[in-house]
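Laboratory data are not the source of any read-out in this text; all were calculated from the coordinates shown. Everything quoted here is computed from the prediction, not taken from an experiment. Neighbour counts are summed over all protein chains in view; Cβ atoms, including those assigned to glycine, are modelled from backbone coordinates with ideal geometry.
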Amino acid sequence: MHSEVLILDTVNVGENRQRTTAPQNVADQPTIDHIVLETPTDEQSDPFSLASRVVSPERITDLRRRNQSISNKRVAAFYQEQNDEIRRLLSPIDGSPSSDEDEHEPSSKISKHFRLQLAIQGSFVANVFLSGLQLYAAISSGSMSLFATMADSLFDPLSNLILNLAHQTSVKWDVDKYPSGKARMETIGNVVYSFLMGTVSIVLIVESVRTITQHSGEELFEFNIPAVVSVGVAFGVKFLLFLYCFSLRSDSQVRMLWEDHRNDLFVNAFGIMTSMAGGKLKWWIDPVGAIVISVVILALWTRTAYEQLQQLAGVSASPEFIRFVTYKAMTFDPLIQKIDTCRAYYSGPKIIVEVDIVMDPSTPLWKTHDVGEALQMALEKLDNVERAYVHVDHETDHKPEHKSS
């Protein structure tokens with residue numbers, strides 16, 4: 001299917017799904033009210049009149065409240081998703097609210113870089129401090145649950161070093177040796193980090209099972225209040241780091257730290273509970289708690305490793321992103337007649353975009369070059385795009401240009 005058809009499908013999908021999904025009673029159907037968007041909606045920026053398809057928030061709210069039925073809520077959710085999709089399609093390709101943002105782009109980048117470095121370096125310093133704190137808690141209490149939290153915390157600084165090394169390697173490279181850059185080094189570092197955490201989890205499971213099998217009698221573990229307080233302090237610090245990294249999780253490296261802080265919140269909270277229960281209720285609760293913690297960590301990081309490996313393997317970008325790129329390419333310049341092909345796939349943490357546009361055969365070479373290059377540069381302004389390739393053709397009735405197509 002040519003992407004021209006995809007464009008038309010995108011434009012008409014709201015109308016088609018309205019007929020199939022909306023309630024059959026005409027009185028139940030929301031009126032399509034045009035509302036003012038934050039982006040321009042003239043003929044050039046909105047050639048398919050997508051803005052006219054936007055359903056007003058009042059109508060959506062009214063539909064949700066009417067009868068409180070599941071079908072009405074589903075239709076309201078569909079219209080809300082359609083509104084969000086239209087706003088994405090009509091937003092500037094660089095994601096800025098106005099053209100004036102380009103003037104502030106350098107300071108914006110510096111500010112973002114500072115916040116990213118604060119998240120990375122702050123996490124490293126905090127992890128070094130917390131690893132010592134939790135090492136004391138584990139040794140002083142002898143609790144397997146606290147040993148699980150300690151082992152997880154102790155490997156965090158090492159993991160931070162791996163991520164820092166991967167990041168530094170990805171931003172500095174020999175252009176002759178690595179012509180397309182070394183951004184994939186970040187993903188490789190993330191995979192190594194994931195496997196490291198998985199290995200630690202397996203070791204903890206083995207040690208906890210050994211503790212259960214070798215323990216005799218019903219003697220409780222000694223309850224150590226300073227150890228529990230130490231882990232509680234670690235929980236509080238991790239919670240603050242979790243909140244800070246949450247706002248920056250679009251960056252692949254900070255996202256890994258955010259996931260680590262999220263996991264540590266569960267580890268520390270659950271470790272405190274099972275350690276206290278092992279000292280007050282039943283002795284076996286403590287090693288069983290360590291096993292549960294380790295299994296959860298193993299599952300989380302196995303999933304993370306799988307996702308990162310998929311990106312290295314070149315998994316496709318989301319359908320929403322491909323629709324966005326297709327629409328932007330189709331409406332980029334009046335000389336672009338059709339979109340023959342639009343592909344977007346991961347190559348590490350960022351996306352490679354391939355767009356084949358169709359122009360009139362009589363268009364001068366210099367003009368086709370300028371339009372194609374301008375589209376390429378526009379697509380590469382997107383934060384999650386590593387590189388864009390634009391191919392200009394004069395017809396669509398041909399075999400795929402590449403063997404792997």
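Would you tally the net charge around M273, using a Cβ to Cβ cut-off of less than 11 Å, leaving M273 out, and scoring K and R as +1, D and E as -1? Provide the component values of the computation, followed by the final result.
Values: positive: K280; negative: D286.
Local net charge: 0.
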Table column - 3J(HN,Hα) (Hz), region 224-232, Karplus curve with 6.51, -1.76, 1.60, x for Gly and Pro
10, 5, x, 5, 5, 4, 4, 5, x
Please report how far the C-alpha centroid of region 131-173 lies from that of region 353-405, rounded to the nearest whole angstrom.
47
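For region 104-313, state the average projected area of the convex hull of the C-alpha atoms over all orientations, rounded to one decimal in nm². Could you put the intermediate results ahead of the total?
Numbers: hull surface 50.7 nm².
Mean projected area of the Cα convex hull: 12.7 nm².
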Once all Cα-Cα distances of region 187-262 are split into 5 Å bins that start at 0, what whole-number percent is in each one?
3, 12, 13, 13, 19, 16, 10, 7, 4, 2, 0
Roughly how many Å is it from the Cα centre of region 186-260 to that of region 269-320, as a whole number?
8
If amide hydrogens are placed 1.01 Å from N in the peptide plane, which non-local residues have theirs closer than 5 Å to the one on D393?
I357, V358, M359
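For L133, what charge total do you get from the other residues with a beta carbon under 15 Å from its beta carbon, if Lys and Arg give +1 and Asp and Glu give -1? Show your work: numbers first, answer last.
On the way: positive: K238; negative: D152, D156, D264.
The answer is -2.
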Could you compute the net charge surrounding G348? Neighbours are other residues with a C-beta less than 12 Å from the C-beta of G348; K and R count +1, D and E count -1.
+2
Could the peptides 340-351, 385-396, 355-366 be put in order, highest first, of the mean number of other beta-carbon atoms found within 10 Å of their residues?
340-351, 385-396, 355-366
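So for region 319-393, Kirkwood radius off the Cα pairs, Stokes-Einstein at 4 °C and 1.567 mPa s: how many µm² s⁻¹?
Working: Rh = 12.4 Å.
The Stokes-Einstein estimate is 105 µm²/s.
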